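What follows draws every value from the coordinates through simple rules; no lab data is involved. None of the values given here were measured: they were computed from a predicted structure. With ideal geometry, Cβ positions are generated from the backbone for all residues, glycine too; neighbour counts draw on all protein chains shown.
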Amino acid sequence: MTTVPPPIVRLSRAVWRDGTVRETSERATPAETPIALVYDGGTQAVMMASPTDVEDFAVGFSLTEGIVGSAAEIESLEVVDQGIGLEARMWLAKDLSRSLSARRRSLAGPTGCGLCGIDSLEQAVKPARRVSAEAIFTATDVHEALEALSRAQTLNFATRAVHGAGFYRPGQGLVAAREDVGRHNALDKLAGHLARTGEDAANGFIVLTSRVSVEMIQKAAVIGVGLVVAVSAPTALGVRMAEEAGITLAAIARGDGFEVFTHPHRIVADTAPESAVRLS
């Protein structure tokens, strides 16, 4: 049985206040572990990630990187502790195995790196999949999702150092949440969970604690959601990609409001005061 490293490591530290050491104590810090994504015996990627929900990460990475089109195309998955890190060993359907061999590359990325190892500029800004989700959500849904994700982030509560990604469905609440030291990894873990459980992503939306860059939108498009909500701001290219993918992007989300950058029709007011601005 594989022994996965603990997600939290307690380290001793000296606390300085007003120019002097006030105390020495321990602080909870998030673990960071190399995870190799291995397909049919060959390593495709090595990512630094939190050693939690590794199976979800492996499936989600495989989907968002376009290695597989569905979780069912991964015929077997095993997580193996190699001492210095973890290996997620996957065996693919035969036709996928042949195509992967033709394009195999090996990469070693820093924490949550979403673009390491690509071999052309075109790969960095490849068009996102166009989403077809038509579900409509309210402002209350957005705020409830933010609060629910905050409550679900047990690892971040202990360390204050990890990102979160959650899937929210009106009427059901926060269906799932995943955490990681890397924002891309957290979203990949969520993608893997949704795929493994057969969740229809078109009926809900994704909520993130991180900024929204282009690769986060590309991953959301693969998942198939029509709305992405983020606590932090988006990048300009992330907004452009969301526009092209047909994704509603709401960012800088706080308790008192949020800003919608693309496709505003998917978010409606709980009530429509006469002073409200009508968005096209």
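What's the extension gain from E23 to R254 if we count 0.36 nm per residue and subtract their Cα-Cα distance?
Residue separation times 0.36 nm, minus the Cα-Cα distance, leaves 79.7 nm.
Place the peptides 197-205, 177-185 in order of packing, highest mean first, counting for every residue the other Cβ atoms within 10 Å and averaging per peptide.
Most protected by this proxy first, the peptides run 177-185, 197-205.
I need T159, T64 ordered by Cβ neighbour count within 10 Å, fewest first.
Neighbour counts put them in this order, fewest first: T159, T64.
Counting only residues 5 or more places away or on other chains, whose amide H sits under 5 Å from the amide H of V175 once H atoms are built in the peptide plane?
Long-range HN contacts for V175: F167, Y168, R169.
Go through L100, A195, G166 and say which Cα lies farthest out towards the positive end of the charge dipole of the chain; charges sit on Cβ, +1 for Lys and Arg, -1 for Asp and Glu.
Of the candidates, L100 comes out farthest on the positive side.
Which whole-percent values make up P(r) of the chain when all C-alpha to C-alpha distances are grouped in 5 Å steps starting at zero?
Pair shares across the bins are 1, 6, 12, 16, 18, 15, 12, 9, 6, 3, 2, 1, 0.
Treating the beta-carbon of each Lys and Arg as +1 and of each Asp and Glu as -1, no other charges, what is the dipole magnitude of segment 164-280 about its Cα centre, to the nearest 20 debye?
Charge dipole, segment 164-280, about its Cα centre: 160 debye, nearest 20.
Could you give the size of the charge dipole of segment 131-186 about its Cα centre, using +1 on the Cβ of each K and R and -1 on the Cβ of each D and E, expressed in debye and rounded to the nearest 20?
That gives a dipole near 200 debye.
Calculate for the chain the 222 nm mean residue ellipticity that helices alone would give, adding -39,500 (n - 2.57) per DSSP H run of length 4 or more and normalising by residue count, nearest 500 deg cm²/dmol.
Counting only the DSSP helices, I get -8000 deg cm²/dmol.
Could you tell me the center-to-center distance, by alpha carbons, between segment 8-54 and segment 172-209 in angstrom?
With segment 8-54 and segment 172-209 each reduced to a Cα centre, they are spaced 22 Å.
For segment 137-268, calculate the relative contact order in percent as a whole number, restricting contacts to Cα pairs under 8 Å that are 6 or more residues apart.
Reported relative contact order: 20 percent.
Return the lysines within reach of K126: Cα separation strictly under 20 angstrom, same-chain partners fewer than 8 residues apart disregarded; answer none if there are no such residues.
Output for K126: K219.
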